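First comes the structure, then the notes that go with it.
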Amino acid sequence: MADGRKTVQTEAKKDNDAPTRKRLPRGEREQMIVQEAIRFFAEVGFEGQTRELARRLGITQPLIFRYFPTKEDLIERVYQEVYLSRWNPWWEELLEDRSKPLTERLATFYKDYTKAIFTYEWVRIFVHSGLKGVNINRRYLALIRDRVLKRIMTEVRAEQNLPTPEEVPFSEREIELAWGLHGGVFYIAIRKWIYDFDIPEEIDGVLEATVESFVQGVPTVMRKLLQDDRTGD
């Protein structure tokens, strides 16, 4: 009998020593889910199941759905957190600041921009989005086109005394020149976080050279494109 009581007491002690789930304020719990979802989707892609995400969090799957009714809702929050929250409106002002040479503006922009986006989560979520057909990359690329690339090409035209976009709208070929610059910068991050390939430790110098090459070379090509558009070639 004594042994029985001892066993019950021992089991009770084990129960009392077992960890209990900490009750968190709603906002804190929600942010915890979002941050783990960012790490989770960056690692496994969007095929990853919310059941596995819940296991990593140490919570139940229904608890995730109390905060995010669908997986798409959670992905939307990830987009807001990883991409839109890092967008700096100052970048747009910088690109249009004609008190500084265009080369300086572009170099300053890309140095600051890469500090915001050159992370494991940013790059891998972006690539997984494209492979899975999730809308994150298409929405973000539209943002880049409208807020960055068109500004860059507007400023190239202004520096070269070429017609404004209001006078002569951009052709797709012109915008592709800016995509070439932007894509070249982003490919540095692809090499690191997708291909696991070494990249230069001194990124700023690489960015300065990339921008210099663009600014020196693109005006000649733009003049030809504009001339071709006028003649219909």
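The values are calculated or read from the model by the stated rules, or taken from the named source; none is laboratory data. Please read these numbers as outputs of a predicted model, since none were measured by experiment. Virtual Cβ from ideal backbone geometry, glycine too; neighbours counted across all protein chains shown.
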Item to complete: Take I199 and decide whether it is outside any helix (DSSP H, G or I), β-branched (V, I, T) and within 20 Å of the chain's Cα centre (by Cα).
Response: yes
Worksheet item: T220 fails exactly one of the following numbered conditions: (1) farther than 30 Å from F126 by Cα; (2) hydroxyl-bearing (S, T, Y); (3) surrounded by 12 or more Cβ atoms within 10 Å (Cβ to Cβ). What is the number of that condition?
Response: (3)
Item to complete: Please work out which residue is farthest from V156 (Cα to Cα), limiting yourself to the stretch 107-145 and to residues that are of a type in the set (G, A, S) and either crowded, with 17+ Cβ neighbours inside 10 Å or in contact with a Ser or Thr (Cβ under 6 Å, 6 or more places away or on another chain) (or both).
Response: S129
Worksheet item: Regarding A209, is this residue under 17 Å from F109 (Cβ atoms) and surrounded by fewer than 12 Cβ atoms within 10 Å (Cβ to Cβ)?
Response: yes
Response to the item:
Just one listed residue, out of P219, P163, is in contact with a helix residue (DSSP H, G or I) (Cβ under 9 Å, 6 or more places away or on another chain), closer than 21 Å to L94 by Cβ and modelled with pLDDT under 95, and it is P219
Fill in: Residue among F65, F41 that alone is out of contact with any Cys (no Cβ under 9 Å at 6 or more places or on another chain), touching a residue at least 60 places away in the same chain (Cβ under 8 Å) and either closer than 27 Å to F118 by Cβ or in a helix (DSSP H, G or I) (or both)
F41
Response to the item:
Those residues of the stretch 164-204 that are hydroxyl-bearing (S, T, Y) and under 14 Å from I117 (Cα atoms) come to a total of 1
